Structures are given as C-alpha cells and as structure tokens.
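Structure first, commentary second.
Read-outs: derived from the displayed coordinates by stated rules, not from any lab. Just so you know, these numbers come straight off a predicted model, no measurement behind them. Here the Cβ positions follow ideal geometry from the backbone for every residue, glycine too, while neighbour counts run over all protein chains shown.
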Amino acid sequence: MAIQAHNEKAAATWGSGGAAYDRISECIADAIEHMLNRCEVRPGERALDLATGTGWTARRLARKGAEVTGLDIGAGVIEAAEQLAAAANLRIDFRVGDAEQVELPDAGFDLVTSTFGVMFASRPEAAAAELARLCRPGGRLGLVTWTPTSTIAGVFQVMRPYMPAPPNPAPPSPFEWGREERVRQWLGDAFDLQFETGTTVFRVPSGEAAWELFSTGYGPTRTLLAATDRKEALKRDFIAFHEAHRTPMGIAMPRDYLVTIGRRR
C-alpha cells in the first residue's frame, strides 16, 4: 500500500523500533484491554486495527475470535507484527499503509480500533474520515488516546528542545485526540460517541531503564537520539523526568488516557 509523500518521514520514524516496539505496547496493555472490554469483541466479526505497531491489539482481537487486519505506516513494525503473530499461531492480515488514505473498502469492518496510534497522524481530519469510511453502519469504533495533561505529553515536552523546528503551519498536537470536544468535532457527525477516562502506571526499575526502553523501541525517541548532536543532554533530561516519579521500589509514572467508543450511524 502507498504511503503519501508527506508521511514518508513518519513512516521511517515509527517503523524504526521494529520488534522492540512490542515492549512499549506491553507497558500499556491494561489501557488497551480497557478499550477492548468496552468494544465487546465478538467471534467472527471483521476487525481493523489502524496504526497497529507490532500488532499487540491486533493479536488481542484475534484471540477474541475476530478476523483481523492490522495496518501501520512503518514497515519495520509490520514485519515484526507478522513474526509475532506467527509465533503465537494467529492468522492476521498485516499490511503497510497510510491511516490517512487506507486502501481498503468502504464499510468493510464491523469494528475499527486504534490504540495510541492514529492520534499521531499528521492530518487528523483525514484519519478521522478514514475511521468513519471503513466502519460499516452500526459497526463500532474503539480508540485509546493520551490526554494533553498526561505524562506522555510531558515526555514529548522533554524531547521538544532537541527536535527540529516544526513546519509552519504546524499540524495539530496529537494530544488533541485526548480531548472529548476535539474527538466530537472530528468524529461526532459519523458516530454516536461515548467516553471514559483511565490511568495506566508505567513501572520500571529506574529512569535509566525507561530511557533504554524508549531509546531502542519507541520510534520518535529512537529517531531523535540518532539525529541530535546533544545525545547526552537528551538522555539526562529524559531520565530526570522519569526519576521524578520514583518510589521506594522504582519508577511508577501514572499516564492518563481517554477511551472513545463509537457506534457508526
């Protein structure tokens, strides 16, 4: 499937974590399960997981009996997703593709999901339109997104001084997907929407362990580390941010999220 020209850099970024990205998904497995529980996945239904990464959510959908397609912009994570599904003896149709222009049929799915994925599309209106187009009338939508006040938004603030200047005009913040009013703006005409908030806790032994996880498995951090000439300063600031959430047993960082459940009109 084709990647649009303006998303080629993002494709390289998100694909760069490869199989190591699955460790990122493991840390948010409870938030993913929160959304899936609200979707009430049924055996035999057609499910699409957009911006699937290494396919954690797609595998959970398959284990619940759905016929699953998983799509992501990053070739590296899709290759890993295929290997992980095969190792788990799960049949999932994984594809490289652009969430803003998906080469799949209208109304082709009973359930469309995205877990901390489609929120990072550079053109959110286009991604929202695809979510609506791909879901059949009466079908369901399930999203999990980070809120603007979450500590994940704080992680991006830590990385921001080391990033190149954004384009002008800059795209909307991905964390706008964590605002109910913005999601209603983008999806409310096509879906009857319900919302629920939650908090997942990131638990690692140390800030150093958090850095190792993100700098190897999380595309934006990994790519930024490779590009910046201030590597030690980036590492220092990243570790310090996580060490602020130290307990006597290690790091315990709460991360707030929004679950969006929609019914296609």
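Below are the figures for this structure:
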{"read-out": "Pairs, first touching a residue at least 60 places away in the same chain (Cβ under 8 Å) in segment 175-192, second β-branched (Val, Ile, Thr), C-beta under 7 Å, six or more apart", "value": "Trp177/Thr145; Trp177/Val183; Gly178/Thr145; Gly178/Thr147; Val183/Thr260"}
{"read-out": "Residue check, Gly53 of a type outside the set (A, V, I, L, M, F, W, C), farther than 29 Å from Val204 by Cβ and assigned to a loop (DSSP other than H, G, I, E, B)", "value": "no"}
{"read-out": "Hits in segment 181-235 (condition: among the aliphatic types (A, V, I, L, M), in a strand (DSSP E or B) and more than 22 Å from Gly55 (Cα to Cα))", "value": "Leu193, Val204"}
{"read-out": "Enumeration of residues in segment 49-66 that are in contact with an Asp or Glu (Cβ under 7 Å, 6 or more places away or on another chain) and either in contact (Cβ under 8 Å) with a residue 60 or more places away in the chain or acidic (Asp, Glu) (or both)", "value": "Ala51, Thr52, Gly53"}
{"read-out": "Answer residue from segment 98-121, given it is among the small types (Gly, Ala, Ser) and surrounded by fewer than 23 Cβ atoms within 10 Å (Cβ to Cβ) and is farthest from Phe191 (Cα to Cα) among those", "value": "Gly108"}
{"read-out": "Filter result for the condition that a residue is more than 18 Å from Gly217 (Cα to Cα), aliphatic (A, V, I, L, M), in contact with a helix residue (DSSP H, G or I) (Cβ under 8 Å, 6 or more places away or on another chain) and without any contact (Cβ under 8 Å) to a residue 60 or more places away in the chain, over Leu36, Leu104", "value": "Leu104"}
